[in-house]
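The values are calculated or read from the model by the stated rules, or taken from the named source; none is laboratory data. For clarity, every value in this text was computed on a predicted model and none was experimentally measured. With ideal geometry, Cβ positions are generated from the backbone for all residues, glycine too; neighbour counts draw on all protein chains shown. In case anyone asks, the SASA skips ligands and DNA or RNA and just uses the protein heavy atoms, side chains included. Shrake-Rupley method; radii C 1.70, N 1.55, O 1.52, S 1.80 Å.
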Amino acid sequence: MPRVIGVDIPPNKRLEIALQYLYGVGETTAHKVCDHLKLPRGMKARELSEEQIANLANYLQKEYPVEGTLRRQIASSITRLRDIGCYRGLRHRRGLPVRGQRTRTNARTRKGPRKTVAGKKSVKGMK
């Protein structure tokens with residue numbers, strides 16, 4: 001199982017697909033990397049030699065923020081937004097949608113499971 005930048009990539013998948021298992025590498029980036037290093041996109045990941053894996057790792061780390069670097073970059077950006085107290089920072093702090101989505105309905109992914117509030121007792125029930 002080839003290991004690139006600390007991540008095991010699946011050996012039985014095509015190289016262009018296997019590279020997408022790295023955080024920060026999508027379809028377009030995977031294609032660009034394969035083309036730049038002159039690696040065939042359809043080649044299986046297990047067919048990579050040690051030298052090719054080393055070249056791949058070096059190129060990815062040099063040209064693109066991936067894995068730990070990208071995660072730290074994103075976390076620091078969110079921390080900066082929280083610290084300066086801007087609207088986006090407040091939304092991050094409260095765990096609400098950040099990009100203008102509605103919250104009256106359909107915000108369950110960000111807000112988490114419903115917290116049911118007990119309803120008001122009716123007048124009929126009090127008598």
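Structural remarks
- GNM flexibility winner over the chain from P113, P11, P97 (Cα, springs under 10 Å): P113
- Cross-link partners of K13 among aspartates and glutamates (Cα-Cα below 18 Å; sequence separation of 8 or more within a chain): E27, D35, E47, E50
- In summary, the lysines within cross-link reach of K120, defined as a Cα separation below 26 angstrom excluding same-chain residues under 8 places away, comprise K111.
- Choice from A107, A57, A45 with maximal GNM fluctuation in the chain (Cα, 10 Å cutoff): A107
- Pair E63, K121: separation of 7 Å Cα→Cβ label points (nm): 7.0
- Annotation: amide H of V4 within the under-5 Å range of I9, sequence separation 5 or more or interchain, hydrogens built in the peptide plane.
- Restricting the range 22-123 to trypsin sites (Lys or Arg not before Pro) in coil, as DSSP defines it, with at most 16 other Cβ within 10 Å: K38, R41, R99, R102, R104, R114, K115, K120, K121
- What a 1.4 Å probe finds exposed on the range 13-58 is 46% carbon and sulfur by accessible area, rounded to a whole percent.
- Computed magnitude of the charge dipole of the chain (debye, nearest 20; Cβ of K, R +1, Cβ of D, E -1): 2000
- Using alpha-carbon coordinates, inclination of helix 67-84 to the longest axis of the chain, degrees: 30
- Of all aspartates and glutamates in the structure, the ones whose alpha carbon falls short of 18 Å from that of K32, not counting any fewer than 8 places away in one chain, are E16, E63, E67.
- Rounded to the nearest 10 degrees, the angle from helix 50-63 to the longest Cα principal axis of the chain is 50 degrees.
- Stretching the chain fully between A107 and N12 yields a gain of 30.4 nm (0.36 nm per residue, less the alpha carbon separation).
- Counting only DSSP H runs of at least 4 residues, each contributing -39500 (n - 2.57), and dividing by the residue count of the chain, the helix-based mean residue ellipticity at 222 nm comes to -13500 deg cm²/dmol.
- Taking every Cα-Cα distance in the chain and sorting them into 5 Å bins starting at zero, the pair-distance distribution P(r) comes out as 2, 9, 14, 14, 10, 9, 10, 10, 9, 4, 2, 2, 2, 2, 1, 1, 0 percent.
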